[in-house]
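Taken together, the values in this text are just the output of simple stated rules run on the coordinates, not laboratory data. Keep in mind that this is a model prediction, so the values were computed, not measured. Neighbour counts are summed over all protein chains in view; Cβ atoms, including those assigned to glycine, are modelled from backbone coordinates with ideal geometry.
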């Protein structure tokens, strides 16, 4: 059982790393470690899942949330500095 939890933990860490590599086009940034840690339940709150299905489901959910948060932050910044650009 411990071996399976260790492997599922490895899967979510690799998923976080792959997400970061994909979003930064392979050029890691100063926020890469933060991104991997936030997308990996094993690193962010020491939680391991019991099946690969749970790991993939949770990883995809977290990556979608991260993507939406970034889009909202960019939109808010653009609205704050260039309101005419957003309003047309």
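Remarks
- Residue list for the stretch 8-43, filter: without any contact (Cβ under 8 Å) to a residue 12 or more places away in the chain and either farther than 18 Å from residue 53 by Cα or surrounded by fewer than 13 Cβ atoms within 10 Å (Cβ to Cβ) (or both): 21, 22, 24, 25, 26, 27, 28, 29, 30, 31, 33, 34
- The stretch 45-68: number of residues that are in a helix (DSSP H, G or I), more than 11 Å from the chain's Cα centre (by Cα) and surrounded by fewer than 16 Cβ atoms within 10 Å (Cβ to Cβ): 6
- Selected residue [more than 12 Å from the chain's Cα centre (by Cα) and farther than 20 Å from residue 3 by Cα] from 29, 23, 42: 29
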